[in-house]
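Take a look at the structure set out below.
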Amino acid sequence: MSSESNLDDGDTFKILIATDIHLGYLEKDAVRGRDSYNTFDEILKCAQTNQVDFILLGGDLFHDNKPTRRCLHTCITMLRKYCMGDSPIQFNILSDQAVNFNTTQFPWVNYQDENLNISIPVFSIHGNHDDPTGAEGLCALDLLSASGLVNHFGHSQSVEKIEISPILLQKGTSKLALYGLGSIPDERLYRMFVNNQVTMLRPKEDQDEWFNLFAIHQNRSKHGPTNYIPEQFLDEFLDLVVWGHEHECLIAPSRNEQQLFYVTQPGSSVATSLSPGEATKKHIGLLRVKGRKMNLQKIPLKTVRQFFIQDVVLSDYPESFTVDTSNVTKKVENLCHAKVNEMLQQAERERLGCPLTPEKPLIRLRVDYSGGFETFNMSRFSQKYVDLVANPKDIIHFLRAREKKEKIKDESYVDYSKVIKTSALEGLRVEDLVKQYFEVAELKVQPSLLTEQGMGKAIQEFVDKDERDAIEELITYQLEKTQRHLQGRNVITEQEIDMEVRRIRESKRNTMEEENEIKEAIDRAKAHRMERGEDAVDVNMSDEMSDVDPEQEPTPVRGRGRGARGRGARGRGRGAKASEPKASGRNTSRKASVTSQSGSIMQAFQASSQRACRTTATTSYAADNLTIDDSDEDTPVITAPKARPSSSSSFLRHSSQSQSQTSKGVAYDDSDDDDDAAEDDPFKGPGRRARR
């Protein structure tokens, strides 16, 4: 198996793996505007050159939930250029495609569509940046799926339980089970794993003959008690997990000694934040699977913009200057100039012989000025590097050593600058800030009807997805439901109402009932917008921060809501005078039923509801027993007839927390040298070792 023809025979799957491409990131930037497009073009060209069987994307193909027309046009153009053609597809799909692709009106793989001519199929899950939104639950990937360019899978429509049905592929004698799970809020998915509400289906027959590949897009590193997914939650029958969302490139498979599977983290293909994790060299993976053995070849990306980062602690240079030294600020500035010039020289050396690498690198110098040092003028400092670096305005980042927070003793007074000063820089999301606010706020401003989680989710929908009615609908929904509950229990006095409301609030905290109520309120907000015939406001989101790292690069475009087409044009009142009457929007009179801050809760429940409660139909479905066709043809090449194969073998449900004795053992190649990769035997490795 030393020759290339033996490496890529008729029984070997060749899969190109990439995650977090973030198309459209900083597309309006004059220097970095085409970085994401150039790298995506390189990825597709690499797939075409290596004649892969298919491309697997691990989420966040787009940077924005609502990509611009330019972004969609560029993506569609490149997919059509590289993924359509006359090359035959060398593998078959054996599973029920109506279950695998259940979110489209064309529930079959695109290369089997008689109206399309696909040479490289693309399978992709959605990420947290391009996740489904709106009343219909659509995302940008669904547009590409409807056009026949991408096979979108791994979309779970239920918030109560998740059943992951694999796409069963066969090439020659090799069988591949492709599992996928699109991005879900980490806290919710964590709770579902703990409650055994995540199930992965397996074929009942010949389970040991399938290579199990799983694509997931969640937090891998721990950002909070439940704000991540531990690897131990995943089923142990898996062979390889492709982990998206984390931007640091750790593509060499790492073995989980407890579950005995391997995890590869390809990372992002474009730096969306100036953090140390983004400074690692960017790679994609060429995965070869033959039987139960695998080989992963690292392929370095050549069109990625160089990024160098260094840390400088000023107190570590006592021989050069101290706080009391004369002209200390000038000396600190000279030290920073020297460090930046060193990184520029290093970038120039590494760029030699790489014509595809962009000329201007990204440079970040983090300066710790703890100990009494003062900052200098960063604008004047940056002027010297306008023509040398791609981020002249963000070269220097001043920071201080983290100080211990003082314990807040007085509940009536809270210094919120101390509370969110450092935590906001740690990448906290909107709902985290809301929860932290109420944890330290005084007792009289604590919500008595809503929960912190519900308010946080509603605010997140308002900020991230521009659902303007989310907060109002959540308050109204909870008010109406509580009113009906109190009327049924004949609660009359203000004290009884107050006690009953707090009892209801505490009983449903962090439960599935609370999750369903939040979803119902958000669905109602979306339904009202659709009833009015309005689409979500098309806000350019390219200036928002990535949630991967707190030191996110700002975008030089206008902010949310400003300009001729901002929210002010819809009568939101941002630019209106206080004396002018507000435009009569949806259910204006109904706002009287919401309690003011100074009003009592008794007054809130005495107000009559002016609108009947509408319930949004929720989709429920049960997974059918799927079957596999055991009659294999001599040649795996798919010819002109593109019929969807029927299935003949059922699946076996496998809980995410169940235990099974499955032997493991894979071989992989972590060499960066592409020329020598063909000379090695990627399938020569240790035998499959049973669990001790």
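The values are calculated or read from the model by the stated rules, or taken from the named source; none is laboratory data. Remember, it's a predicted structure, so these values are computed and weren't measured experimentally. Cβ atoms come from the backbone with ideal geometry, glycine included; neighbour counts cover every protein chain shown. Surface areas here come from the heavy atoms of the whole protein model, side chains and all, with no ligands, DNA or RNA. Shrake-Rupley method; radii C 1.70, N 1.55, O 1.52, S 1.80 Å.
Taking the accessible area of the stretch 50-176, probe 1.4 Å, and keeping the other protein chains in place, the carbon and sulfur fraction comes to 48%.
Taking only alpha carbon atoms, the stretch 230-279 gives an Rg to Rh ratio of 1.05, where Rh is the Kirkwood radius.
For the listed residue pairs 14/204; 45/339; 28/81; 175/519; 14/81; 81/282, the alpha carbons are over 31 angstrom apart in 45/339; 175/519.
For the stretch 275-338, go through all pairs of different Cα atoms, get the mean of 1/r, take its inverse, and jot down that Kirkwood value in Å. Numbers along the way, then the final one.
Numbers: mean 1/r = 0.0619 Å⁻¹.
For the stretch 275-338, inverting the mean 1/r across all distinct Cα pairs yields 16.1 Å.
Near residue 307, the amide H atoms lying under 5 Å from its own belong to 362; only residues 5 or more places off or on other chains count, and H is placed 1.01 Å from N.
Residues of the stretch 194-248: accessible area per residue at 1.4 Å, in Å²?
Details: 1760 Å² over 55 residues.
Here the per-residue accessible area is 32 Å².
Only beta bridges with both residues in the stretch 241-373 are counted; by DSSP, about 55 percent of them are antiparallel.
If you build the Cα gyration tensor of the stretch 243-369 and take the root of 5 times each eigenvalue, what three semi-axes come out, in whole angstrom, biggest first?
Numbers: eigenvalues 305, 73, 20 Å².
Equivalent-ellipsoid dimensions as semi-axes: 39, 19, 10 Å.
Database remark: amide H of residue 163 closer than 5 angstrom to the amide H of 199 (H placed geometrically; neighbours at sequence offset of 5 or more, or on other chains; Pro and chain starts carry no H). When Rg and the Kirkwood Rh are both derived from Cα coordinates, the Rg/Rh ratio for the stretch 159-256 amounts to 0.97. Size descriptors for the stretch 260-306: radius of gyration and Dmax over Cα atoms are 13.3, 41 Å. Since only 312, 232, 328 are under comparison, the one whose Cα sits farthest along the positive direction of the charge dipole of the stretch 229-360, derived from C-beta charges on Lys, Arg, Asp and Glu, is 232. Please say if the stretch 1-124 is rounded, prolate or oblate, where rounded means a/c under 1.5 for a ≥ b ≥ c the square roots of the C-alpha gyration tensor eigenvalues, and otherwise the choice is prolate for a/b larger than b/c and oblate otherwise? Oblate, because a/c is 1.5 or more while a/b does not exceed b/c.
Assuming charge only on the beta carbon of Lys and Arg (+1) and of Asp and Glu (-1), the dipole of the stretch 130-217 about its Cα centre is about 180 debye to the nearest 20.
In this structure residue 84 has an accessible area near 60 Å², from a 1.4 Å probe over the protein heavy atoms. Per residue, the accessible area of the stretch 254-301 comes to 24 Å², computed with a 1.4 Å probe over protein heavy atoms only. Annotation for the stretch 204-237 versus the stretch 280-346: alpha-carbon center distance of 32 Å.
For residue 380 and residue 73, what does the FRET efficiency come to when R0 = 41 Å and r is the distance between their Cβ atoms, rounded to the nearest 0.05?
On the way: r = 40 Å, r/R0 = 0.98.
Given R0 = 41 Å and the Cβ-Cβ separation, E is 0.55.
Measuring nothing but protein heavy atoms, the accessible surface of the stretch 205-352 at 1.4 Å probe radius is 48 percent carbon and sulfur. For residue 54, the amide hydrogen comes within under 5 Å of the amide hydrogens of 14, 16, counting only partners 5 or more places away or on other chains and with H modelled in the peptide plane.
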